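Below is one structure, written out as structure tokens; the observations come after it.
The values are calculated or read from the model by the stated rules, or taken from the named source; none is laboratory data. The shown structure was predicted, so the numbers you read here are calculated from the model rather than taken from an experiment. Backbone-built Cβ (ideal geometry, glycine too); neighbour counts: all protein chains shown. Surface accessibility is based on the protein's heavy atoms, side chains included, excluding ligands, DNA and RNA. Shrake-Rupley method; radii C 1.70, N 1.55, O 1.52, S 1.80 Å.
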Amino acid sequence: MFELLTGTGLAASAGLNAYIPLLTMGVLARYTDLIDLPSGWAWLGDGWVLVILAALLAVEVVADKVPMLDHVNDVVQTVVRPTAGGLAFGAGSTAETVTVSDPGSFFGSHEWVPVATGVLIAFGVHLLKSAARPIINATTAGVGAPVASTAEDATSALVSVAAILLPVLVLLFLVGLLGFWFWFRRRRADRRRELEAARAAGFRV
């Protein structure tokens, strides 16, 4: 069960920011004993890989906080975030951590299953993030972009660490994500009704 929560948390984090969960795992594997990556994923702890991930993270952090540019970034990240989610789920759920001592017993020999699962989870979170950002920008005249992006980065970092150290906390994140999804659907419906009412009243929107 902890393996599933660890992988889910890392993949969902990648849906918010592709590089934070990968960098978190790499740094913890290289410099601590909190996570022991399996041989097939040991490259995440390589020094050059960490440098590249840190550089890509810096670009992502800046681009995602600029209105309009954040939309372009989301389009580009449509491929990157699900891919990172697959890698994060695959590495995290099959790694030995402080809460997981026998990850192999959970997924067995079906190595593609965690990767595919991570891709789907990250893609779903990415779609929600990408759909919510235009509404946030429109309702705040762009001011909300850096605030929302900072909150997303912080959430990605916290969930990544929690997924490794205390994966049961991932459940709280999933509940919060579900609540945000319902709020977003209601807010989008309200926005649509407002636009339709404005058009009916003869105003140009």
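Run the dipole for the chain about the Cα centre, Lys and Arg Cβ at +1, Asp and Glu Cβ at -1, nothing else charged, and hand back the magnitude in debye, nearest 20.
Dipole size: approximately 1240 debye.
Its DSSP H runs of at least 4 residues, each contributing -39,500 (n - 2.57), put the calculated 222 nm mean residue ellipticity of the chain at -26000 deg cm²/dmol, to the nearest 500.
Where does each of His71, His126 land when they are ordered by accessible area, with a 1.4 Å probe and the largest first? Let's see the in-between values first.
Details: His71 105, His126 5 Å².
The most accessible residue leads, giving His71, His126.
When a 1.4 Å probe is rolled over the protein heavy atoms, the share of accessible surface on the chain that falls to carbon and sulfur comes to 71 percent. In the context of the full set of protein chains, the chain has a per residue accessible area of 51 Å² (1.4 Å probe).
For the peptides 37-46, 21-30, residues were scored by their other Cβ atoms within 10 Å and the scores averaged per peptide; the highest-first order is 21-30, 37-46.
Between Met68 and Val147, the FRET efficiency from the beta-carbon distance, with R0 = 22 Å, is close to 0.85. Computed over neighbours whose Cβ is under 12 Å from that of Val61, the net charge equals -4, Lys and Arg +1, Asp and Glu -1. Here the 3J(HN,Hα) profile of the range 176-182, calculated from phi with Karplus coefficients 6.51, -1.76 and 1.60 at θ = phi - 60°, is x, 5, 5, x, 5, 4, 5 Hz, Gly and Pro shown as x. Across the range 153-161, rounded Karplus estimates of 3J(HN,Hα) from the backbone phi angles (6.51 cos²θ - 1.76 cosθ + 1.60, θ = phi - 60°) give 5, 5, 5, 4, 5, 5, 5, 4, 5 Hz, Gly and Pro being marked x.
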